[in-house]
Amino acid sequence: MEFFFLLLLPLLWVACAAYSGQVASSKGHDGVPWALGGFLLGPLALLAAVGLPDLKLRKYLRLLAEHQGALAPEAPPTGMPSRLRGEDADAQRRRIFGVK
């Protein structure tokens, strides 16, 4: 019985590492640190990776809302090139979505 337990425990940790890295990378985060965390912490890191915010979805929804006019586009930071600072909302949408 102990042999069976000692055989399955490392497989569980490796599986948690693989799934933690995959879940984190699918949500737009770096998967390598999450895979390492999954290997060291097991199911706890997998549970934490599931709770990560989906960065890809947030960015897509923000662009979609700006395109539909539901949100005002963010003001460009002062460090942006001058050619982008003076762009109005329609010019930004055309540049982002490739609409002429």
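Below, the figures for the structure above:
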quantity	calculated
From phi via Karplus (6.51, -1.76, 1.60), per-residue ³J(HN,Hα) for segment 57-68 in Hz, x at Gly/Pro	5, 4, 5, 5, 5, 5, 5, 5, 5, 5, 5, 7
Mean separation of Cα contacts under 8 Å (6+ apart) over length of segment 1-53, as relative contact order %	37 percent
Diffusion coefficient, µm² s⁻¹, Stokes-Einstein with Kirkwood Rh over alpha-carbon pairs of segment 1-53 at 10 °C and 1.306 mPa s	147 µm²/s
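Rule-based calculations on the coordinates, nothing more; no lab input. Here the structure is a predicted model, which is why all the values come from computation and not from measurement.
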